[in-house]
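Heads up, the thing below is written out as structure tokens.
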Amino acid sequence: MSRLPSLLSADDLPLAELCALRIDGEVMALPAGWAPIDEPDRPEQRARSVRLAVGRDVIAARMTAAWVHGAIPAAPPVPQVCVRIGARRGNDPTVRCELSELQLDEAEVVRWGPAAATTPERTAFDLLRSAPDLPAHGAAAFRLLADAGIGLAEFRARVDARRRLPGKRIVLARVAEALARADDPASRQPSLTR
């Protein structure tokens, strides 16, 4: 008996059977495909799902990358992906996604085989730079940094040291606000045990 892949699609089983397995609680739905519930929920599996949904030569970015890294519980309804500036990628009108071009170093991309996402640090920068919903995007950015073991002061120093980084001033201002709130005793939540 052969083992099914950790990420299932209609190429593996008929769509009706996959939907029945989801209803029975045997698989969970991902942006593109289904994963058996006993399969560990890993970043590489999430990144492969994004790759299946959007295309092979894109990189998960912003909130989609935050989901891949586990900073938010659910993938955004429309995948947010990027390509490197100058990358040749045809515009497929049948694929629904938010596609942006970014100047990325190879060190700012995490790869799992052909699937990829921006690193937690780069994802946090992009979320703080272009956040339409600052509380949600900021929370995801700060969780990514915390999970990666990068403190806000260290992140601020790293961003400040970079040259020619679009949105750098906005990110530095937002990190400064977060640091000021963290240092303000009035902004701390009172203890519930008093």
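Assorted remarks:
- Which listed residue, of Val68, Val50, is in contact with a Lys or Arg (Cβ under 7 Å, 6 or more places away or on another chain) and of a type in the set (A, V, I, L, M, F, W, C): Val68
- Any chance Ala178 is modelled with pLDDT under 95 and surrounded by 15 or more Cβ atoms within 10 Å (Cβ to Cβ): yes
- So Gly138, is it modelled with pLDDT under 90 and closer than 19 Å to Gln80 by Cβ: yes
- Inter-residue pairs, beta-carbon under 6 Å, first on the phi > 0 side of the Ramachandran plot and in the range 32-61, second assigned to a loop (DSSP other than H, G, I, E, B), 6+ apart: Gly33/Leu7; Gly33/Ser9
- Any chance Ala53 is closer than 25 Å to Ala29 by Cβ and either basic (Lys, Arg) or assigned to a loop (DSSP other than H, G, I, E, B) (or both): no
- In the set Val54, Val58, Val27, Val50, only one residue is farther than 27 Å from Ala136 by Cα and crowded, with 17+ Cβ neighbours inside 10 Å; that residue is Val27.
The values are calculated or read from the model by the stated rules, or taken from the named source; none is laboratory data. All figures in this text were calculated on a predicted structure; none of them were measured in a lab. As a convention, Cβ positions derive from the backbone with ideal geometry for all residues, glycine included, and neighbour counts pool all protein chains shown.
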